[in-house]
Amino acid sequence: MSRVVSFHDAARERVAEVRIDALRGPDAAESRLLGAAVGENVARWRARRGLDLDDVAERSGIEPDRLALLEAGQAVPSLRAVWALAGALEVPFGVLLGRVGMVGSSFRVQRANRGRVVASTSARIRSRVLFPLGDPHAPEVYELTLAPGCFEGADGHGRTVFEHITVVRGLLVVQTDENLARLAPGDSLFFRADSPHSYRNPTSGETVVHLVMTYGQYAG
């Protein structure tokens, strides 16, 4: 008798499969700079939380030796790895991307070809940062680009995390445990992101969306 797999189970299984290579993001100069920033912030927040490598490994599903390499600036994290670490350390995603001590400007233009980019292991989904990293007052805004046919499952985030998605180009299908939405250009979706969810581009072209993350208070 075949087992009926729920969306929740499927998302969990997909996360478990991908996390084996969770610290193998694209190897480029910008990616290595990103890895150094993430590693520095993981070490800092791990110390603040009073956690050792084994604690963070258990919470994130990433092996302790890989975490040690990341903290030493010798590993490039994938998009999923950064999400897993943010959840493990109970901090917003963007907190792990900025350099310690960075200060944002009160008037800042970011050109279309600029902005820190984090990619999935397969590079089929890319997240470009649209806000000034290191500025605690800036809203957390990202541009997500999904390759044709891309499916990306995401673990649930913290209980007070919400996502607000607006489609810029293409089509996007978002599914949670109980709901499914098909979004066209100009459509928006707001949902509580504390359970597993997924994004899918059902088209033969790229889909581009803007994602705003909002959080409850955390111990900063």
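The values are calculated or read from the model by the stated rules, or taken from the named source; none is laboratory data. This is a predicted model, so every value here is computed, not measured. Cβ coordinates were reconstructed from backbone atoms using ideal geometry, including for glycine residues, and neighbour counts include every protein chain displayed.
The residues in region 125-138 that are of a type in the set (D, E, K, R) and over 15 Å from residue 77 (Cα atoms) can be counted, and the count is 1. Evaluate the following for residue 80: is it buried (at least 22 other Cβ atoms within 10 Å of the Cβ) and not β-branched (Val, Ile, Thr)? Taking the combined requirement at face value, the residue satisfies it.
Would you check which residues across region 165-179 are surrounded by fewer than 15 Cβ atoms within 10 Å (Cβ to Cβ) and either of a type in the set (S, T, N, Q) or touching a strand residue (DSSP E or B) at 6+ places or on another chain (Cβ under 7 Å) (or both) and list them? Across region 165-179, the qualifying residues are 168, 169, 179.
For region 85-96, indicate whether the set of residues that are in a loop (DSSP other than H, G, I, E, B), in contact with a Pro (Cβ under 7 Å, 6 or more places away or on another chain) and either of a type in the set (Val, Ile, Thr) or not assigned by TED's automatic domain parsing to the domain that holds residue 171 (or both) is non-empty. Within region 85-96, not a single residue is in a loop (DSSP other than H, G, I, E, B), in contact with a Pro (Cβ under 7 Å, 6 or more places away or on another chain) and either of a type in the set (Val, Ile, Thr) or not assigned by TED's automatic domain parsing to the domain that holds residue 171 (or both). Candidates 36, 11, 16: the one that is at pLDDT below 95, crowded, with 19+ Cβ neighbours inside 10 Å, assigned by TED's automatic domain parsing to the domain that holds residue 89 and in a helix (DSSP H, G or I) is 11.
Please go through region 122-144 and pick out each residue that is of a type in the set (D, E, K, R) and under 23 Å from residue 198 (Cα atoms). 124, 126, 128, 140, 143 - these are the residues of region 122-144 that are of a type in the set (D, E, K, R) and under 23 Å from residue 198 (Cα atoms).
Given the condition assigned to a strand (DSSP E or B), under 19 Å from residue 115 (Cβ atoms), of a type in the set (Ser, Thr, Tyr) and not assigned by TED's automatic domain parsing to the domain that holds residue 87, answer yes or no: does some residue in region 176-194 qualify? No, region 176-194 contains no residue that is assigned to a strand (DSSP E or B), under 19 Å from residue 115 (Cβ atoms), of a type in the set (Ser, Thr, Tyr) and not assigned by TED's automatic domain parsing to the domain that holds residue 87.
Conditions tested, residue by residue: (1) touching a Ser or Thr at 6+ places or on another chain (Cβ under 9 Å); (2) crowded, with 22+ Cβ neighbours inside 10 Å; (3) charged (D, E, K, R).
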site	(1), (2), (3)
44	no, no, yes
64	no, no, no
75	no, yes, no
99	no, no, yes
107	no, no, no
117	yes, no, no
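Residues that are buried (at least 18 other Cβ atoms within 10 Å of the Cβ), of a type outside the set (D, E, K, R) and touching a residue at least 40 places away in the same chain (Cβ under 8 Å) within region 180-209 comprise 196, 197, 199, 201, 207, 208, 209, listed in sequence order. Of the residues making up region 51-110, those that are under 22 Å from residue 155 (Cβ atoms) and among the polar types (S, T, N, Q) number 2. Here is a check on your reading of the model: is residue 212 surrounded by fewer than 17 Cβ atoms within 10 Å (Cβ to Cβ), outside any loop (DSSP other than H, G, I, E, B) and not acidic (Asp, Glu)? Answer is no for this residue. Only residues that are closer than 26 Å to residue 173 by Cα and either surrounded by fewer than 14 Cβ atoms within 10 Å (Cβ to Cβ) or at pLDDT below 90 (or both) were counted across region 132-153, and they come to 3.
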